[in-house]
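This report concerns only the one structure given below.
The values are calculated or read from the model by the stated rules, or taken from the named source; none is laboratory data. The structure presented is a predicted model; accordingly, all values stated were derived computationally and were not measured. Neighbour counts run over all protein chains shown; Cβ positions are idealised from the backbone, glycine included. Remember, those area values only see protein heavy atoms, side chains included, never the ligands or the DNA or RNA. Shrake-Rupley method; radii C 1.70, N 1.55, O 1.52, S 1.80 Å.
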Amino acid sequence: MRICVIGAGYVGLVTAVCVAEFGHEVYCLDVDEERIESLKRGEVPFYEPGLGELLKKNADAGRFVFTTDKVEALKRAEIVFIAVGTPMNPADGTVDLSFVESACADIATIIAPGTIVVDKSTVPVGTARKVKNLLLANGAPENIEVLSNPEFLREGTAVGDFMQPDRVVIGADNKQAAEKLMMVYKPLLDEGRQFLVTSPESAELVKYASNAFLAVKLTFINEIALLADRIGIDAIEVAKGIGLDKRIGSKFLHPGPGFGGSCLPKDTNGLLHIAKDFGADLNLVETAVRTNEEIPRALVERIDGLVEGLCGKIVGVLGLAFKGGTDDVRESPAIKLIKVLLEKGAKVYAYDPQGERLARRELGDSIVYTESIEAAIEGAEVVVIATEWPEFGQIAPREIARLMRGDLFADFRNLHEPNEIKAAGLRYIGMGRG
Ligand SMILES: NC(=O)c1ccc[n+]([C@@H]2O[C@H](COP(=O)([O-])OP(=O)(O)OC[C@H]3O[C@@H](n4cnc5c(N)ncnc54)[C@H](O)[C@@H]3O)[C@@H](O)[C@H]2O)c1
């Protein structure tokens with residue numbers, strides 16, 4: 001099939017590369033000329049393991065065109081995926097649909113009769129219908145279809161998640177259009193992967209509800225961890241005991257400095273606004289959002305108390321990205337911790353294997369970016385592990401103690417064994433380690 005993907009970001013580019021791998025002819029359209037130029041050279045504009053290799057393989061096989069030219073991208077496209085950003089409006093937490101709306105205005109008069117337009121972006125309930133009306137109002141042919149097909153990939157493991165999904169959810173009123181979209185994923189159908197066809201509205205809500213569930217689960221274990229710290233017991237063994245119950249499961253039961261990233265914070269807020277629009281309260285989700293926002297400050301307050309004031313103190317922070325395996329710093333707990341540390345007057349030296357470029361946009365020159373773990377912790381009075389890159393768990397505690405000037409080690413990702421840190425002569429705090 002001939003497919004156009006609009007938006008060459010984390011989701012759009014992974015979608016484009018993976019459907020090319022399924023054997024389709026793919027046009028990937030973006031308004032960002034620099035991004036398209038780098039993709040034409042075979043360079044992935046962000047860090048995502050495995051994506052560059054798959055991109056090269058499919059570009060070499062001639063199944064791929066990157067372009068900023070809408071006509072070239074859309075002419076004869078049978079399926080058009082919209083994968084542009086849907087950020088949170090900073091003022092009120094609602095979903096900003098302006099990129100989706102402008103993509104619709106861009107394509108309405110170019111798409112051919114019978115085209116299937118697919119919302120892959122995470123969009124509020126009712127958006128598929130809204131997109132169809134918008135396309136028609138802008139001059140699109142009458143017989144187009146608009147479907148919802150939310151994406152569940154995780155940054156850092158995006159290619160594997162797309163190629164081996166737990167489920168593919170398709171929201172469609174038109175059975176034939178749903179079947180045609182299923183054929184895009186034919187290798188996954190042949191493998192026996194789970195496909196679920198629902199109404200467009202249900203598919204849209206599945207995405208928000210899934211992310212809200214994960215956010216609630218993470219917040220739950222974070223609160224249990226804070227309780228375990230007060231009791232003086234280890235939340236890791238408590239989490240293990242909870243997770244062994246098959247009804248609960250062990251995933252997303254790892255305490256940390258709060259959930260972040262491009263999806264959970266924005267989608268939990270988005271869901272609260274969707275609920276409000278329909279006159280419903282989601283108290284559980286609301287509490288999770290509020291609790292999550294409070295965690296970084298509470299953790300820094302704890303450090304502040306232990307060092308008798310952070311003002312003027314040097315803090316080495318390991319991690320900037322919102323999780324290991326990505327360069328994405330959107331809503332990163334590491335950045336939130338750093339902002340509170342700076343507010344308290346600390347001087348921050350930070351290292352992240354991939355996150356510096358994007359972190360600079362948020363933090364500018366307010367911190368010192370280092371080239372290595374050692375450079376971040378050398379001379380520090382406090383060291384904070386903020387992101388779970390595996391290498392942060394591999395530095396020997398004695399080496400940490402040797403490099404530091406002070407003795408407080410705050411491992412908010414629980415990468416180290418508390419006893420080993422203490423044996424190296426350091427004071428230790430973790431997330432729920434007693
Ligand atoms: N990042 C994730 O892990 C993830 C996972 C699942 C779902 N989602 C959802 O997928 C959507 C995209 O997220 P992302 O992280 O890939 O965003 P992103 O910001 O990385 O990429 C969006 C891309 O769209 C391009 N764009 C914007 N307007 C355009 C237009 N009119 N025409 C062509 N290109 C345009 C931008 O230049 C950018 O390259 C969001 O709704 C997000 O919630 C993201």
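Take the conditions (1) among the small types (Gly, Ala, Ser); (2) open to solvent by 40 Å² or more (accessible area, probe 1.4 Å); (3) in contact with a strand residue (DSSP E or B) (Cβ under 6 Å, 6 or more places away or on another chain); Ala410 misses just one of them, which is (2). Inspect segment 270-288 for any residue being within 16 Å of the ligand (Cβ to nearest atom), open to solvent by 30 Å² or more (accessible area, probe 1.4 Å) and not β-branched (Val, Ile, Thr) and give the result as yes or no. Yes.
From the list Ala103, Ala177, Ala128, which one is touching a Pro at 6+ places or on another chain (Cβ under 9 Å), surrounded by 19 or more Cβ atoms within 10 Å (Cβ to Cβ) and part of a helix (DSSP H, G or I)?
Among Ala103, Ala177, Ala128, only Ala128 is touching a Pro at 6+ places or on another chain (Cβ under 9 Å), surrounded by 19 or more Cβ atoms within 10 Å (Cβ to Cβ) and part of a helix (DSSP H, G or I).
How many residues are in a helix (DSSP H, G or I) and modelled with pLDDT under 95 if we restrict to segment 59-71? Going through segment 59-71 one residue at a time, the tally reaches 2. Restricting attention to segment 106-117, the residues being open to solvent by 40 Å² or more (accessible area, probe 1.4 Å) and assigned to a helix (DSSP H, G or I) number 1. One residue alone among Phe220, Phe252 is within 16 Å of the chain's Cα centre (by Cα), of a type in the set (Phe, Trp, Tyr) and surrounded by fewer than 21 Cβ atoms within 10 Å (Cβ to Cβ), and that residue is Phe252.
Contact map, segment 16-36: residues that are on the phi < 0 side of the Ramachandran plot paired with residues that are assigned to a loop (DSSP other than H, G, I, E, B) and within 14 Å of the ligand (Cβ to nearest atom), Cβ distance under 6 Å, separation 6+ or inter-chain. Pairs shown: Cys28/Ala8; Asp30/Ala8; Glu33/Thr68; Arg35/Ala8; Arg35/Pro45; Ile36/Asp30; Ile36/Thr68. For the subset of segment 119-162 comprising residues that are more than 13 Å from the ligand (Cβ to nearest atom) and touching a Ser or Thr at 6+ places or on another chain (Cβ under 6 Å), which member is farthest from Phe81 (Cα to Cα)? Among them, the one singled out is Gly139. Anything in segment 1-37 that is within 14 Å of the ligand (Cβ to nearest atom) and closer than 15 Å to Tyr185 by Cα? List them, or say none. Of everything in segment 1-37, those that are within 14 Å of the ligand (Cβ to nearest atom) and closer than 15 Å to Tyr185 by Cα turn out to be Cys4, Val5, Val14, Thr15, Ala16, Val17, Cys18. Within segment 347-368, residues that are more than 24 Å from Glu381 (Cβ to Cβ) sit with their Cβ atoms under 6 Å from residues that are open to solvent by 50 Å² or more (accessible area, probe 1.4 Å) and part of a loop (DSSP other than H, G, I, E, B), at 6+ positions apart or across chains, in these pairs: Gln354/Tyr47. Among the residues of this structure, Phe46 counts as one that is within 16 Å of the ligand (Cβ to nearest atom), open to solvent by less than 60 Å² (accessible area, probe 1.4 Å) and part of a loop (DSSP other than H, G, I, E, B). I'd like to know if segment 75-96 contains one or more residues that are out of contact with any strand residue (DSSP E or B) (no Cβ under 9 Å at 6 or more places or on another chain), in a helix (DSSP H, G or I) and either under 26 Å from Ser148 (Cβ atoms) or near the ligand (Cβ under 8 Å from one of its atoms) (or both). No, every residue in segment 75-96 fails to be out of contact with any strand residue (DSSP E or B) (no Cβ under 9 Å at 6 or more places or on another chain), in a helix (DSSP H, G or I) and either under 26 Å from Ser148 (Cβ atoms) or near the ligand (Cβ under 8 Å from one of its atoms) (or both).
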